[in-house]
Amino acid sequence: MLFNTLDTLKRKMVMGIIFFLFAGLTMFVVPEDYIPVLGKALGFCLLCLSILKILDFLSSKKGLAHYIGLSLGLLAGFVGILFFTVDGLFLTLLNWLTGTLPILLGALSLYFALTFLRRSGRKGWWMFVILSCLLLLFGTFVFVNPWAHESQRSVLMVIGATLFYSAVVYIICLFWIWPFQQKKYVEDEK
């Protein structure tokens, strides 16, 4: 049971690391002039998703799942229209999302550290607790970002640093999880 849970956790962590590294480095590289273009591109993608959800609903048998999909599609279309009409909405939502994500990941990592890693008998499992708490701290820092009103570039730098730090935390934590020996845990469960 414990070994299967940790194996699933490893796969999710590797996917999270790849996503956070890519997103964090992208925020460092994106020039300030392209920020409005990113907002418009995301708005266009959300409008396309909305149209696909509506067409999927029209060709479906109208079950509960299809009504939920239609509602999400209409919401995505509304947010896509907002990205086209409201200036600065993209960066504001990105800042909030980037603040929320490390808080959720820090809480989840703290849960995994206290429930699974502590029981696994790994040396230094408490380091995962400290890194998870720092992840929670970084997430709250993004919400109260003192540089948010100075320039768009500083907001992107803080967002990129937070995402990059999230990836680094997950890389470090992966070293405590990865090299488990299944024989030892099979014997312990017997």
Kirkwood Rh, angstrom, segment 4-67 [1 / mean 1/r, Cα pairs] = 15.4 Å
GNM, the chain, Cα, under 10 Å: largest mean-square fluctuation among TYR67, TYR111, TYR165?
-> TYR67
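Take the eigenvalues of the Cα gyration tensor for the chain, scale each by 5, and report the square roots as semi-axes in whole Å, largest first.
Equivalent ellipsoid of the chain: 36, 25, 13 Å, largest first.
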What relative contact order, as a whole-number percentage, does the chain give when Cα pairs under 8 Å and 6 or more residues apart are counted?
-> 31 percent
Per the helix-only model, the chain has a calculated mean residue ellipticity at 222 nm (DSSP H runs of ≥4, -39500 (n - 2.57) each, divided over all residues, rounded to the nearest 500) of -27500 deg cm²/dmol
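Computed from the coordinates by the stated procedures, all read-outs in this text should not be read as laboratory data. Predicted model, so just to flag it, every value in this text is computed and none were measured.
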